[in-house]
Amino acid sequence: MTHPHQLHATRAAGSLNTARTHLDNAVTAEANARRAEARTIAAAGAIQAWRPMPGPSGQGGHGDLVGRTAVSTLEPEFRDGRLARLTTSTTATLTWLADNLDGRSTEASFGMDPLARIQALTTRLRPSTARHLTLWLDEADTRIRDTLHLDPAGQALTGIRCPRCARRKLTAHTTGPRTTWTVTCTTTCLCTGPNCPCTMPTRVADIPHIWGPDHPLTATA
Ligand SMILES: [Zn+2]
Ligand SMILES: [Zn+2]
């Protein structure tokens, strides 16, 4: 039986996966802009160098083909921007987490994205470990979404009431494979334990409600 903490880790990893895809695209755009800027600056410097030489011959002026070729083949260097640095720090955090969860980088995991390694084991973690992992993943997800002005993950499940609080505030998390789908209520709708009417298969007090891929609620997503 999947523990709700494991489901939350699965949900958080899926959400972060989507956020990182958006971040990768933004980093590409950022790099293109910075490269273009560096080229403009380099070209401006080169134009200075092409000023006509004083003297009657005028050699080395605008018609200097050697100088022009050098500028078009040498790419100016540019440093990582804010988004590239966010990618680097997020990946470092995920690598550290993955190494701790699957027992250091093994040969099998070498070259694998650290978040993919984490996603492969969320439902096998001890519930207390899954809870801590969720905190890390949610924090990384929030940092990226805040930076890029992205909405929180998930789609509103309109019209369906929460079996516990009866509000129509359910959210479906269905961007990943079917086996990772979940439905959540609000973060303040907490389970009350074994007698909670929420119909979660494993009911644990104080965990925000979450229903897994096998639950009928998820089938409505
Ligand atoms: Zn609820
Ligand atoms: Zn409950």
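The values are calculated or read from the model by the stated rules, or taken from the named source; none is laboratory data. Here the structure is a predicted model, which means the values were calculated and not measured. Heavy atoms of the whole protein, side chains included, go into the accessibility calculation; ligands, DNA and RNA do not. Shrake-Rupley method; radii C 1.70, N 1.55, O 1.52, S 1.80 Å.
Accessible area, 1.4 Å probe, largest first: how do LEU137, LEU101 sort?
The ranking, largest first, comes out as LEU101, LEU137.
Maximal additional length on extending the THR187-ALA46 stretch stands at 45.0 nm, based on 0.36 nm per residue less the C-alpha distance. Between helix 82-101 and the chain there is an angle of about 40 degrees, using the helix long axis and the longest principal axis of the Cα atoms.
Using alpha carbons only, how many degrees (0 to 90, rounded to 10) separate the axis of helix 4-49 from the longest principal axis of the chain? The helix 4-49 is inclined about 10 degrees to the chain.
For segment 154-221, the per residue solvent-accessible surface stands at 54 Å², with DNA, RNA and ligands left out and a 1.4 Å probe.
ASP138 sits with roughly 50 Å² accessible to a 1.4 Å probe, with DNA, RNA and ligands left out of the calculation. For the chain, the mean projected area of the C-alpha convex hull, equal to one quarter of the hull surface, is 16.7 nm². Per-atom-type breakdown for the chain gives carbon and sulfur 56% of the accessible area (1.4 Å probe, protein chains only). The relative contact order of segment 122-221, computed from alpha carbon pairs under 8 Å that lie at least 6 residues apart in sequence, is 18 percent.
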